[in-house]
Each structure stands twice: as structure tokens, then as C-alpha cells.
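To start, the structure under review is shown below, and the notes come after it.
The values are calculated or read from the model by the stated rules, or taken from the named source; none is laboratory data. Not measured: the values here are computed from a predicted model. Positions of Cβ are backbone-derived with ideal geometry, glycine not excepted, and every protein chain shown enters the neighbour counts. Heavy atoms of the whole protein, side chains included, go into the accessibility calculation; ligands, DNA and RNA do not. Shrake-Rupley method; radii C 1.70, N 1.55, O 1.52, S 1.80 Å.
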Amino acid sequence: MCGIVAYVGGREAYPVILKGLKRLEYRGYDSSGVALLSDGLVVHKRKGRVSVLEEELTGRDLRSPIGIGHTRWATHGEPSDRNAHPHVSRVGRLAMVHNGIIENYVQLRQELAGKGYSFRSDTDTEVLLHFIEDIRDHNGCTLEEALRIALRRVVGAYVIVILDADNPDTLLAARKGSPLVIGIGRGEHFLASDASPIVEYTQQVVYVNDHELAIVRPDELILKNLGNERVTPWVQSLDMELAAIEKEGYEHFMLKEVFEQPRSIRDCLRGRLDMTEGRIHLRGVEEHIDRLKETQRIILLGCGTSWHAGLVAEYVFEQICRVPVEVEYASEFRYRDPVVRSGDVVIAISQSGETADTLVAIERAKEQGALILGVLNVVGSSIARLSHAGAYTHAGPEIGVASTKAFTAQLTVLIMMALRIAEARGTIGRDRHLRLLQELDAIPEKAQALLADTSAVRRVAARWARARDMLFLGRGPGFPVALEGALKLKEISYIHAEGYPAAEMKHGPIALVEEGLPVVFVATRDAFHEKLISNMQEIRARRGSVIAVVTEGDTLVPGLADEVLEVPACDPLLAPILAVIPLQLLAYHIGVEKGLDVDKPRNLAKSVTVE
Ligand code: M6R
């Protein structure tokens, strides 16, 4: 949440920052701003998208070799010019951008108010900046020392970057709980919330760790811990291509990412699904296979779409590994004082690897002795660092705020994990194992075939774009797909949507059904097919409209449904990977029909780094 970009070096800072902010807009987009040094400290900030700021600054002389920028997702204070970052200190010589939440800001604000400070914004960020400045002025120490002292008192999560008009070649940054990457160029450095603003300038990066401070000059990068000891920066090479973060001709990132799925699923399988030996190779799983073999319980944690991936995985793990599985919202798990035993295995599922709720939940489980495995898309993310092991999804950067290709890659990794663990536990027969491997291997081509003709889903979208409500129903592994379909629709089209197990309908939601209510069934062929058909009859009997995702060649459902969306046949355990794709497209096309910004839906942010 919130995107930070900063630059120091031989280029003009403003164009670098502006471009970077556009790349980071997926992290928050209610206001943005920049601070530069040209003839003193200059700050420009505006409510709205980065383009609003850009428009306002077009034609201005913004020359400066150093600067900081921010795109915001509001936490403290409404989206407005005055709450936008950067914030400026009382004396007006320091500017700061911040990503995260300072939990004890009320107390700090009161202390500062008692000393005569007043505040121009409602933000915790401004409080922190005044607090740092106050320590510096009161103690007569350097800004770096003041920052160190301040951060020892701060409770919460942050990445901050400070621009000091009295130190015009130095940026000061610190991190705890939110991501910060520093790109190393020749005589220049780039700071950002992720690598996307950096990748076109350099491939050499350092991921700053929690409780580290960075002192960044054109030719120098110093990392220190809060005890003022130097830390050797670990320089890594970026594994990201520029094309991956550009639209490449698609109208929206979301559409591009939906269409990338045949490739992203293939990338996810590559080197792991070994059809010659008929085996799965996942290093992170292999390292802990003895423990996984013996475990009495697997807990899957995630939020939003990642939680849905966990729900699908529950069916797979229970069916083929014969191990009890619990799937939990990370946010609920962490506060429930859960019983975790040392033999338990916790699988943390997160696209970004930065979700605060998931991060803290696994901290708790780790303290209680559980083995933590991460299923993550972003390499080097905070959850990756906290996990004992895991498997990356290799879906490539996902820029659209709604998760699409990350979800199908999560399913692919979780299924591979289950297959390997089932093999080790001896709970799956050789034939069934091999058949599932073959089926998994065929998924990318089937996804490709499905995406070759999307006319049916566009037709459905056009017909129901003005719906007020929609129900999504499924059974077995189709139930979490229904939940995901409903979430996508809510996020992208702002249509009220509910996902339910189809059998639950008669216990309440059926009261909502009236003439014309669109009800989407995830009705791919499996053991529940006939029961689902009965549920469709119940909807029809009440004059609801039925839209069904079915397996190609289904002869029963088309006679009952108003519209069918076909997906290729596959094993029912793998069907969610394919069945979700038409639902992603349905949400996308309805959003487009309604003229909405599908890549940046209102109120959302890609990386939810606050609780
Ligand atoms: O980065 P994560 O996978 O941990 O994010 C979890 C949720 O915030 C995320 O899936 C969210 O629900 C998306 N907006 C779904 O499209």
C-alpha cells in the first residue's frame, strides 16, 4: 500500500520519479506528490491519480538531481492535497514519504502538540517527521542519529525516505515491515517500493531488511542497523523484464494478465513437473519432506484471492494426502490465539508476499514451532524471508489490482505440493499420481484453447452489465471458484455479488432469487454434477437466470441455462484452474462495459501492508 520512488544521481530526478510513480500506482492511487531540491525544497502534491499531478506540473522547471515521490492509499485522513505525501517538517527543510502505519502516532502527536507543534495534515507520517526533527533539534545530533532514536520509539510498519535540503546529495531511508528496494546504477541510486520503477535503469538491486537504515548518495550506499553498525548490502540481480510490467498492446493489465495464464502456468510447472520421471521436484518441499510426511495437520493461510486458493487446495490436500487441513483468513487466525503444535505445517499463500495480516499470522505460528512454507509470487518479499521454505509461483509481475494469473499459479503450486506430499505419505496410488501429473501438464494448452474464443463471455457481460446483484454457486472445489468469481465481480464492476456452496442456497440465499437475478454456477463435470443441476432447476423455478461454467460437451446444462461458458475437460481436482478464467473475464468485461477503471478499482490497493 502506497508506492515510494526516490532518486539521487546524475539524471533529472523528476522524470524518473514520475515514471516510477505510474508503475507503482497499483499500490495506491488516491493522491500523489514529489519533493525536489531546486533552489531549496520544492513540494508538489495533488489529490487523484498520478496523471493529475503530471498535468499540473507539465511545463514547470523541475530540475533537480535528487527527489522523492509517493502515490498514496489513504489510511490516516481522507484523500486530499494536504494529506498527500511528501510531508514537510516544521522548519521546512525536510520532506518525507512513508508507506505503512505508525500505530502510536496519537501519543507522539500529543507529545509534539505539548511542545507547540501544529499539524497541516491528519497523517501519521507528518507526526513522525516532526518527531524526528524535534529529536534532532533537541539533541543537536545528525538527522541520521535522530532517525535512529525516533525509530526505536515507533510502533508500526514503515518504509520512509527523507530528503534533507541541508544535505542535498543524500537520501535517508529506513524499513520495517514494508518493502524497499534500492537499484544501483553508475553514480546513481534508485529507491522504490518494488523493482518495477528500477528495472529499466539497472539490474543490480539491494533489498533493504527490516530495522535497517540506508544512507544513499550518488556514489555510495551505506546500510546500517539501528545500533549504528554497518551491514554489508547483498547485491542481487533482478529477474524481471521490462516487457513484463508493460501492457504490450492490451487495453488493460488485467486483460493481459488473464491472457498470460497459459504461459504463467507453464512457467510455474517448468523444472518442477518432471514427466520423464513422473515426479514433482519442489526444492522447498524436498528440504522438509520428512516433516511433511509425518505432519498431522496443515494450515493454509491467506487473504482475499489467496485465501480462495487455500480453499481449493484444501480439497486437493485432503483427498490425496489424507491429512486434516484448515484454511484460515490470516487476519482471523492471528488474533484468535490459535492452537498451533510444533508438528503443524503452515502454508502462507500471498501474491505480493507483503500482506500484513498474513505476515503477522505466520510470525505467530512460527513462534509456536510450526513449519512455515510460502506460496508467493514476489521473490525476496517479506513473507518469503520469514518462511522456512516454499515455492514461488513464477507468474511474473501482476500489475492489475485484481489477482488473476497469480491465483491460477497459486493453485498450480499448491497442487504440485500436494502431489509430492501425497507421494511421500503413500496416500496416492502410482496410476492416479501419474494421471494427475499428465493432466497438470496439459493445463496450459487447455487454458490457451479456452482463451482462443471469448465471445461467449463478452456476450454474457454485455447482457448482465447492469445487474444489481449476482449469486455465484458451486460445490466441492467449484465452491471456492464461485467465491473467487464473486470477489472478482465485486472488485472490478462494483456489482454486489455473493458466493455460496450451491447446497447452502436453500438455507437462506434462495430468498434473494427473483425474476432475472443472474446466478452463476460453476458446473464443470464432477461427482456433484447432478446435484448442481437440481440446484439450477431450483433457480429456474423461481425465474432466476442461470449462467453456467460447464465442461465442453456437456449435454445436460445447456438445456437449462440461459448462457453457458465452456471450459476444456480435465480432472475435477484441477478444474478450478480452468473454471475461474471465464469468471475473471466476466468481471473484466462487465467492468469495461460500465466504463470503470478495471486496473485500479476504487478503494483497493494491490499490496495490503496495513492490518
Ligand atoms: O498479496 P496477497 O495475495 O497476499 O493479497 C491478498 C489479497 O489482498 C488479494 O488477493 C486481494 O483480495 C485481491 N484484490 C484479489 O483480487
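Between region 463-531 and region 266-286, how far is it from one alpha carbon centroid to the other, in angstrom?
Going from one Cα centre to the other spans 34 Å.
Quick check: net charge around ALA174, other residues with Cβ under 12 Å of its Cβ, Lys/Arg +1 and Asp/Glu -1?
Charge balance in the 12 Å sphere: +2.
At a threshold of 8 angstrom on Cα-Cα distance, excluding pairs fewer than six apart, so keeping six or more, what relative contact order does the chain reach in percent? Write down the numbers at each step before the final one.
Details: 1370 pairs, mean separation 71.8, N = 611.
Value for the chain: 12 percent.
Could you check the simple spin-label distance between GLU56 and THR232, using points 7 Å along Cα→Cβ, in nm with one decimal?
Each label point is offset 7 Å from its Cα along the Cβ direction, giving 4.6 nm.
Using just the alpha carbons, could you tell me how many Å³ per residue the convex hull of region 253-451 encloses?
Each residue corresponds to 102 Å³ of Cα convex hull volume.
Quick check: the angle from helix 356-367's long axis to the longest principal axis of the chain, C-alpha only, nearest 10 degrees?
The two axes meet at around 80 degrees.
How much FRET efficiency would the formula 1/(1 + (r/R0)^6) give for ASP239 and ASP81, where r is the Cβ-Cβ distance and R0 is 41 Å, rounded to 0.05? Intermediate values should be presented prior to the final figure.
Numbers: r = 38 Å, r/R0 = 0.94.
The formula returns an efficiency of 0.60 here.
Principal axis lengths of region 115-201 from Cα atoms, whole Å, largest first?
Cα extents, longest axis first: 46, 26, 25 Å.
Can you give the accessible area of GLU332, probe radius 1.4 Å, in Å² rounded to 10?
110
Along the three principal axes, how long is region 50-192 when you take its alpha carbons, biggest first, rounded to the nearest angstrom?
Principal-axis extents of region 50-192 (Cα, largest first): 42, 34, 29 Å.
Once neighbouring chains are kept in place and the probe is 1.4 Å, which whole percent of the accessible area of the chain is contributed by carbon and sulfur?
Of the solvent-accessible surface of the chain, carbon and sulfur hold 48 percent.
What is the antiparallel percent of DSSP beta bridges lying wholly in the chain, to the nearest 5?
60
Residues of region 218-240 with amide nitrogen under 16 Å from the 7 Å Cα-to-Cβ point of ASN139?
Residues 224-229 qualify, since their backbone N sits under 16 Å from the label point.
Expressed as an acute angle from 0 to 90° and rounded to the nearest 10, what is the orientation of the C-alpha long axis of helix 105-114 relative to the principal long axis of the chain?
20
Using a Förster distance of 51 angstrom, determine the FRET efficiency expected from the C-beta separation of GLU552 and ASP219, and round it to 0.05.
Using R0 = 51 Å, I get an efficiency of 0.25.
Principal axis extents for region 455-593, Cα atoms only, whole Å, descending order, please.
34, 29, 24
Note the full-extension length gain between ASP210 and ASP441 as 0.36 nm times their separation in residues minus their Cα-Cα distance, in nm to one decimal. Walk me through the numbers on the way to the answer.
Numbers: separation 231, 0.36 × 231 = 83.16 nm, distance 3.92 nm.
Length difference between fully extended and current span is 79.2 nm.
Decide, for region 18-83, between rounded, prolate and oblate: order the square roots of the alpha carbon gyration tensor eigenvalues as a ≥ b ≥ c, take rounded if a/c falls under 1.5, and otherwise choose prolate if a/b is larger than b/c, else oblate. Intermediate results must be reported in sequence, preceding the final value.
On the way: a/c = 1.85, a/b = 1.60, b/c = 1.16.
Prolate, since a/c reaches 1.5 and a/b exceeds b/c.
At 0.36 nm per residue, minus the direct Cα-Cα distance, what do ASP166 and ASP469 gain on full extension? Give it in nm, one decimal, please.
103.4 nm
If one computes the Cα centroid of region 383-446 and of region 95-171, what distance in Å separates the two points?
Rounded to whole Å, the Cα centres lie 44 Å apart.
To the nearest Å, what is the center-to-center distance of region 311-364 and region 12-81, using C-alpha atoms only?
38
Can you tell me what share of the DSSP beta bridges in region 253-451 is antiparallel? A percent to the nearest 5 is fine. Don't skip to the end; give the middle numbers.
On the way: 2 of 21 bridges.
DSSP beta bridges in region 253-451 are roughly 10 percent antiparallel.
How big is the Kirkwood radius of region 223-302, worked out from every pair of different alpha carbons and given in Å to one decimal?
Result for region 223-302, one decimal place: 17.7 Å.
Take the cross-link list LYS293/LYS446; LYS506/LYS600; LYS47/LYS176; LYS293/LYS606; LYS19/LYS446; LYS45/LYS600 and give me the ones stretching past 29 Å between alpha-carbons.
Cα-Cα > 29 Å for LYS293/LYS446; LYS506/LYS600; LYS293/LYS606; LYS19/LYS446; rest within.
Counting only heavy atoms of protein chains, what accessible area per residue, in Å², does the chain have with a probe of 1.4 Å?
38
For the chain, build the convex hull from the C-alpha positions and give me its volume per residue in Å³.
Values: hull volume 96.1 nm³, N = 611.
Given the Cα convex hull of the chain, per-residue volume reads 157 Å³.
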